[in-house]
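For reference, the structure discussed in these notes is given below.
The values are calculated or read from the model by the stated rules, or taken from the named source; none is laboratory data. In this text the structure is predicted, and so the values were computed from the model without any measurement. Cβ placement follows ideal geometry from the backbone for every residue including glycine, while neighbour counts extend to all protein chains displayed. Protein only, heavy atoms only, side chains kept; ligands, DNA and RNA dropped before computing areas. Shrake-Rupley method; radii C 1.70, N 1.55, O 1.52, S 1.80 Å.
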Amino acid sequence: MGAITKGDAIIDIMNKVNYDFAAIGNHEFDGGAEEFVKLLDLFKYPIISSNLTFRDDALNERIKRTYIVKTKGGVKVGFFGLTTPRLVHSSHICETGFVSVDSDTVKVAQTAIDELKKQNCDMILAVTHLGYEDELALAQQVHGLNAIIGGHSHTKVDELTVRKNLDGDPVIITQTCCYAHYLGKLDLCVENGKTVVEKSKWVLEPIDARYNEDAKVAKYLAPFKAEL
């Protein structure tokens, strides 16, 4: 469907889901700079990435390069996003000078974590589009990170997966496969800044026939399905 609508309809559906925010991946740039800006205008929620720098400072401001903080139930949660450095190979967008990607994701991540600590966040999570192996490696090379919600490699992570960070504390790493086949739910317990694995839970739930189709969304999608 993305090939037909250039992402417009997909973003419309994502807006209906009412996400809190999302991290930038590589395919957002498939249509080039002008199309990226057009798509960015369609999102009704923040888009983040800490290792992308745009030629246009206004875009840097809109994409909240450093971090985003959400407070839920009195718990202050800090998030930062990371985009795969492979963007320079998978897209021509970097060659145009429109955007550059910092390949030192460890340094960028630690800078974001340190800033979120200054904001007195109770827990800190990375929302990444790096690929599973790179996310496992990242978890072990930083201080103060509690969990990674990953993407890019379409990895189906069935079980609670943990790596130790540089403090020797656990970091939980997740991915939910691809194409909305699964809903990932992470119940994350953090005490005094440290992830408590025994009190945390990761569930990967199939999106299948047990769920009723939303009538309004189905009606909206019908013309696109017919064209496909």
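Leaving out ligands, DNA and RNA, and with a 1.4 Å probe, what % of the accessible surface on the stretch 157-211 is carbon or sulfur?
Numbers: 1660 of 3380 Å².
Of the solvent-accessible surface of the stretch 157-211, carbon and sulfur hold 49 percent.
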Check your understanding: So what's the net charge close to Thr195: Lys and Arg +1, Asp and Glu -1, counting the other residues with Cβ under 13 Å from its Cβ?
Key -> -1
Review point. Radius of gyration and Dmax for the stretch 83-141's Cα atoms, expressed in Å?
Key: 13.4, 40
Practice item. Between Val88 and Lys164, take the C-beta separation as r, use R0 = 35 Å, and let me know the FRET efficiency to the nearest 0.05. Key: 0.70
Point to revise | Inter-part distance where the stretch 143-217 and the stretch 25-59 are each reduced to a Cα centre, Å | key: 25
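Which shape class, rounded, prolate or oblate, goes with the stretch 8-145 when its Cα gyration tensor gives a ≥ b ≥ c as root eigenvalues, a/c under 1.5 marks rounded, and past that a/b bigger than b/c marks prolate? Before the final figure, lay out each step's value.
Details: a/c = 1.81, a/b = 1.25, b/c = 1.45.
It is oblate, given that a/c is not under 1.5 and a/b is not larger than b/c.
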Review point. What fraction of the Cα pairs in the stretch 148-189, stated in percent, has a spacing above 11 angstrom?
Key: 67
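Contact order normalised by length for the chain, with contacts defined as Cα pairs under 8 Å and 6 or more residues apart; what percent is it?
The value is 14 percent.
How many percent of all Cα-Cα pairs in the stretch 62-116 sit more than 15 Å apart? Mind dumping the intermediate values first?
Working: 854 of 1485 pairs.
For the stretch 62-116, the fraction of Cα-Cα distances above 15 Å is 58 percent.
Determine the shape class of the stretch 59-208: with a ≥ b ≥ c the square roots of the Cα gyration tensor eigenvalues, call it rounded for a/c under 1.5, and otherwise prolate if a/b is greater than b/c, oblate otherwise. Before the final figure, lay out the partial values.
On the way: a/c = 1.66, a/b = 1.21, b/c = 1.37.
Taking the square roots of the gyration eigenvalues as a ≥ b ≥ c, the stretch 59-208 is oblate.
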Exercise for review: Using label points projected 7 Å from each Cα along Cα→Cβ, tell me how many nm separate Lys76 and Glu205, to one decimal.
Suggested key: 3.1
Point to revise | Rel. contact order, % - alpha carbon contacts under 8 angstrom, at least six apart, the stretch 1-82 | key: 26
Review point. Tyr45: accessible area at probe 1.4 Å, nearest 10 Å²?
Key: 20
Check your understanding: Among all the aspartates and glutamates, which ones have a C-alpha under 16 Å from Lys44's C-alpha, if same-chain residues fewer than 8 places away are not counted?
Key -> Asp8, Asp12, Asp20, Glu28, Glu61
Practice item. Take the alpha carbon atoms of the stretch 1-77, find their radius of gyration, then divide it by 2.2 N^0.38 Å using N residues; give the quotient. Key: 1.18
Exercise for review: Would you mind working out the accessible area per residue for the chain, using a 1.4 Å probe, and quoting it in Å²?
Suggested key: 55
Check your understanding: Between Val190 and residues 5 or more places away or on another chain, which pairs have amide H atoms under 5 Å apart, with H built 1.01 Å from N, and which residues are they?
Key -> Val196
Point to revise | Gain on full stretching of the segment that runs from Glu198 to Phe21 - 0.36 nm per residue minus C-alpha separation | key: 60.9 nm
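Diagonalise the Cα gyration tensor of the stretch 142-228 and give the resulting equivalent ellipsoid semi-axes, square root of 5 times each eigenvalue, largest first, whole Å.
Numbers: eigenvalues 243, 37, 22 Å².
Taking √(5λ) for each Cα gyration eigenvalue gives 35, 14, 11 Å.
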Review point. Leaving out same-chain residues fewer than 8 places away, which lysines sit with a Cα under 24 Å from that of Lys164?
Key: Lys76, Lys107, Lys117, Lys118, Lys156, Lys185, Lys194, Lys199, Lys201
